[in-house]
1. Kindly evaluate residue 46 against the criterion of being at pLDDT 90 or above, surrounded by 12 or more Cβ atoms within 10 Å (Cβ to Cβ), under 13 Å from the mean Cα position of the chain (by Cα) and under 14 Å from residue 105 (Cα atoms).
2. Residue by residue through region 40-56, note down the ones that are touching a residue at least 24 places away in the same chain (Cβ under 8 Å) and either in a loop (DSSP other than H, G, I, E, B) or farther than 20 Å from residue 133 by Cβ (or both).
3. Give me the residue from region 87-118 that is without any contact (Cβ under 8 Å) to a residue 12 or more places away in the chain and either surrounded by 10 or more Cβ atoms within 10 Å (Cβ to Cβ) or charged (D, E, K, R) (or both) and, out of that set, farthest from residue 54 (Cα to Cα).
4. For residue 121, indicate whether it is under 20 Å from residue 45 (Cβ atoms), touching a Ser or Thr at 6+ places or on another chain (Cβ under 7 Å) and surrounded by fewer than 13 Cβ atoms within 10 Å (Cβ to Cβ).
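The values are calculated or read from the model by the stated rules, or taken from the named source; none is laboratory data. Bear in mind that the values here come from a model prediction, so they are computed numbers and not experimental data. Please note: Cβ atoms are built from the backbone with ideal geometry, for glycine as well, and neighbour counts cover all protein chains shown.
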Amino acid sequence: MNIVRWDPYRDLTSFADRFNRAFGNVTGRERDEELSLGTWVPPVDISEDKERITLTAELPGFREDQVDVQMEGGVLTIRGERKMEEEKEGRNFHRLERSYGHFVRSFTLPNNVDRDNIRASFNNGLLEIEMPKREEAKPKQIKIGTGQESRKQKQIDVR
């Protein structure tokens, strides 16, 4: 007896593929053109806590000198290029699935980022960019008192 895991999206995906083959798909053609031109987009994760926003880009096979990180006008831009391996005599490729060529990723930074203290590090194919929040953008706790003390306390803490 064979047990097959049911995937409710498999039928939808195959239907979409058949539809796109039958009627053409602008997005699919654009993607094919991107692949033929050598463009690709590395995946990123963006997380946030009270102190900072962290962007982590997955760049396997890269060295830190192959990646450029710039911040201009509130936009953080990551650029790089993965070059195709040199062809060698007697070596035939049967399959090429890794993406090659230039990439550019740009992210508009929120106003609460301290743009003068952005730091980037590169380790084991992961580019990590830490963007600390400005001090005035961090949440502040306002204590609540009782009666007249409450009004004075609120005035002092809010300033």
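1. Answer is yes for this residue.
2. 40, 41, 42, 50, 51
3. Going through the qualifying residues, I end up with 89.
4. Judged against the criteria, residue 121 is not a match.
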